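The values are calculated or read from the model by the stated rules, or taken from the named source; none is laboratory data. Note that this is a predicted model, so its numbers are computed, not measured. Here Cβ is always computed from backbone atoms with ideal geometry, including for glycine, and neighbour counts include all displayed protein chains. Areas reflect the complete protein model, heavy atoms only, side chains present, ligands, DNA and RNA absent. Shrake-Rupley method; radii C 1.70, N 1.55, O 1.52, S 1.80 Å.
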Amino acid sequence: MKRHKNGLMLLTFFLLSVVFLSMVFQLEEFRQKKTVKIVFIPKVQDKTNDFWMSMISGAKSAGKEYQADLTILAPEEENDYQQQKRFIEEAVKMKPDAIALAPIQYSEMTDSVRKIKNAGIKLILIDSKIDEDIEETYIGTNNRNAGLQMGKNMKTYVNKETKIAIVSHVKGSSTAMEREEGLREGLGEYGDRIEAVLYSNSDYKQAYEKTKELMKEHPDINLIAGLNLYSTVGVARAIKEMNLNKEVHIVGFDNDIEGIKYLEEGIIDTLIVQKPFNMGYLGIQTAVESVRGKKMEKNIYCDTEVITVDNIYTDENQKLLFPF
């Protein structure tokens with residue numbers, strides 16, 4: 001009788017274990033098949049800026065492939081961090097599984113971004129960081145290394161009379177700070193040749209006008225670094241209009257049709273080109289996989305390429321510069 005009772009208990013335990021494991025597998029299968037709801041908040045949605053439109057295209061491509069429910073909320077201007085904060089508030093109320101964010105400011109937005117984490121929503125940072133380490137994963141360029149790459153390239157244009165200006169983008173953004181830091185390191189002993197640092201506020205017109213003012217006030221400037229697409233193209237427009245392309249070297253970040261044209265014309269000497277489509281795609285892919293329980297790397301870096309008129313026409317670089 002005792003043996004019969006023990007056998008019955010073992011059978012009951014076995015059956016309960018089978019039911020439990022079956023439920024675990026079913027829940028995991030449900031989680032893997034469940035549509036992941038994601039809100040992507042880039043810095044801007046500007047049809048004149050190939051960098052951000054390419055990143056958004058990458059995000060949409062991943063959203064389609066992974067069958068995610070993807071919503072995009074973006075300011076109309078890249079320096080409008082107050083609007084981006086309002087979009088974060090809106091996104092949190094939508095209760096998505098994950099928010100992919102390219103923060104405009106490094107420290108001014110931390111309180112808002114923290115609300116994402118506090119709401120139990122997965123946070124993926126793309127392109128830029130904030131001053132607290134609260135994200136699941138960061139995806140983007142290693143901006144300090146890219147700045148270092150830029151500074152080392154600029155040294156090839158330095159002579160004993162060189163004077164340098166930096167036209168950065170949004171003051172206080174992590175990309176602006178890290179690129180400038182890397183650039184100065186790359187310049188090494190020539191870092192003391194930097195005469196001015198200006199900010200375009202990620203606006204073509206401001207970059208253009210401030211460059212014209214710069215050259216009138218400091219006509220001996222002969223090497224200018226543009227730290228994003230808006231700054232680079234704005235600088236090139238001004239230098240071309242002022243017929244200074246033979247006197248002034250330009251090393252810039254990112255590319256679009258206009259920037260490539262200036263490179264071909266010799267107005268821009270070098271472009272440090274990022275891979276925004278990859279960033280957008282990997283950002284949404286990472287968000288989906290993180291929600292589904294996969295352990296993700298803390299930092300996923302996308303390489304940058306140095307593009308000059310000498311290598312612009314290689315098949316590999318043509319695909320990079322003209323992904324569509």
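Quick notes
- Residues LYS47 and ARG292, FRET efficiency given R0 of 22 Å [Cβ-Cβ distance, rounded to 0.05]: 0.10
- Taken over the Cα atoms of the stretch 121-199, the convex hull encloses 88 Å³ per residue.
- The 3J(HN,Hα) values that the Karplus relation (6.51, -1.76, 1.60; θ = phi - 60°) gives for the stretch 216-229 are, in residue order, 6, 7, 10, x, 8, 5, 9, 8, 10, 9, x, 8, 8, 5 Hz. Gly and Pro appear as x.
- Over the chain - Rg/Rh using Cα atoms and the Kirkwood inverse-distance radius: 1.15
- Convex hull volume per residue in cubic angstrom - Cα atoms of the stretch 213-269: 66
- Over the chain: helical MRE at 222 nm, DSSP H runs n ≥ 4 each giving -39500 (n - 2.57), nearest 500: -15500 deg cm²/dmol
- GNM flexibility winner over the chain from THR162, THR270, THR175 (Cα, springs under 10 Å): THR162
- The stretch 188-211 residues near the modelled THR162 label - backbone nitrogen below 11 Å, point 7 Å along Cα→Cβ: 188-194
- Dipole magnitude of the chain about its Cα centre (Cβ charges: Lys, Arg +1; Asp, Glu -1), debye to nearest 20: 2000
- Once the Cβ-Cβ distance of MET94 and TYR301 is raised to the sixth power relative to R0 = 35 Å, the FRET efficiency obtained is 0.75.
- Among GLY140, ILE272, TYR313 the positive-end extreme of the charge dipole of the chain (Cβ point charges): GLY140
- Surface exposure of the stretch 155-313, expressed per residue as accessible area with a 1.4 Å probe, stands at 42 Å².
- Positive-end extreme of charge dipole, the chain - chosen from GLY234, MET296, ILE130 (charges on Cβ): MET296
- Only one residue of THR48, SER61, VAL36 has its Cα farthest out toward the positive end of the dipole of the stretch 32-71, where Lys and Arg carry +1 and Asp and Glu -1 on Cβ, and that residue is VAL36.
- Apportionment of accessible area to carbon and sulfur, the stretch 48-207, percent (1.4 Å): 42
- On full extension, the segment bounded by LYS246 and ALA119 gains 40.2 nm, given 0.36 nm per residue less the C-alpha separation.
- Inter-site label distance for GLU264 and GLU76 at 7 Å from Cα along Cβ, in nm: 3.3
- Approximate spin-label separation HIS218-GLU189, in nm, with each point projected 7 Å along Cα-to-Cβ: 2.2
- Computed magnitude of the charge dipole of the stretch 236-311 (debye, nearest 20; Cβ of K, R +1, Cβ of D, E -1): 540
- Partner lysines whose Cα lies under 16 Å from the Cα of LYS171, excluding those fewer than 8 positions away in the same chain, are identified as LYS43, LYS129, LYS210.
- Within straight-line cross-link reach of LYS212, aspartates and glutamates at Cα separation under 20 Å, skipping those fewer than 8 residues along the same chain: GLU195, ASP203, ASP220, GLU241, GLU247, GLU258, GLU265, ASP269
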